[in-house]
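The values are calculated or read from the model by the stated rules, or taken from the named source; none is laboratory data. These numbers come from a predicted model, not from an experiment. Glycine also receives a Cβ, built like all others from the backbone with ideal geometry; neighbour counts cover every protein chain displayed.
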Amino acid sequence: MQPKNYISLLIILTPILYHFFYRPDYGIVYNEERLKKGMVLIPSGWTSGRTNGYEIQFWEPVEPDTTKAYHKFKKVACSMRQIDYEYDYFVVEKRKCEVILSYVVEYEDEKGKSPWIVQLIEGDGKEIASIETISIEKGLKILREHGLYPLRPSK
């Protein structure tokens, strides 16, 4: 094979090899960046047992106390070298009230647009009655009322 062909092969294989062998870690090591952006940190005792291919990474507590309000999991969606969005799922009242805080990275640069999308999910214990998009202030108020705010994990 001529050197020109090796270069062409390398150009073709680089993104493929990157996709399958390099996976950035957006776990606890990324918490410093989350802190700068005001995002929810991943507590040190959490595990990253679930993934959905390259693009989705999950973190969750090993043994959550489900008898009270709790942070159920964090989901991070990423593309080649960046986070597209993160969302944190909080159970406020089991099967009755849940809050999802989403931080959409692409919205950071859009003037006048908040990177936060907050959803309130309510139900009767058997099925979902409503899903409502609410303000970050209202979402944090609900979390505060149930002992889930501030969003920084204790050491």
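Quick notes on this structure:
- A single entry from 130, 102, 154 fulfils the requirement of being under 24 Å from residue 60 (Cβ atoms), modelled with pLDDT of 85 or more and among the hydroxyl-bearing types (Ser, Thr, Tyr): 102.
- Screening the stretch 83-155 for strands (runs of 3 or more DSSP E) wholly inside it with 1 or more residues that are surrounded by 18 or more Cβ atoms within 10 Å (Cβ to Cβ) returns the ranges 97-104, 116-123.
- Residue check, residue 47 modelled with pLDDT of 85 or more, farther than 20 Å from residue 134 by Cβ and among the polar types (S, T, N, Q): yes
Per-residue answers, yes or no, for (1) farther than 29 Å from residue 108 by Cα; (2) surrounded by 15 or more Cβ atoms within 10 Å (Cβ to Cβ); (3) within 13 Å of the chain's Cα centre (by Cα); (4) at pLDDT 70 or above:
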| site | (1), (2), (3), (4) |
| --- | --- |
| 2 | yes, no, no, no |
| 7 | yes, no, no, yes |
| 11 | yes, no, no, yes |
| 18 | no, no, no, no |
| 24 | no, yes, no, yes |
| 29 | no, no, no, yes |
| 35 | no, no, no, yes |
| 53 | no, no, no, no |
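- Test: residue in the stretch 70-79 that is loosely packed, with under 13 Cβ neighbours inside 10 Å, modelled with pLDDT of 85 or more and either of a type in the set (A, V, I, L, M) or under 18 Å from residue 149 (Cα atoms) (or both): no
- Neighbours by Cβ (under 9 Å, 6+ apart or cross-chain): first from the stretch 88-111, closer than 13 Å to residue 37 by Cα and in contact (Cβ under 8 Å) with a residue 40 or more places away in the chain; second surrounded by fewer than 19 Cβ atoms within 10 Å (Cβ to Cβ) and of a type in the set (Ser, Thr, Tyr): 103/85; 103/87
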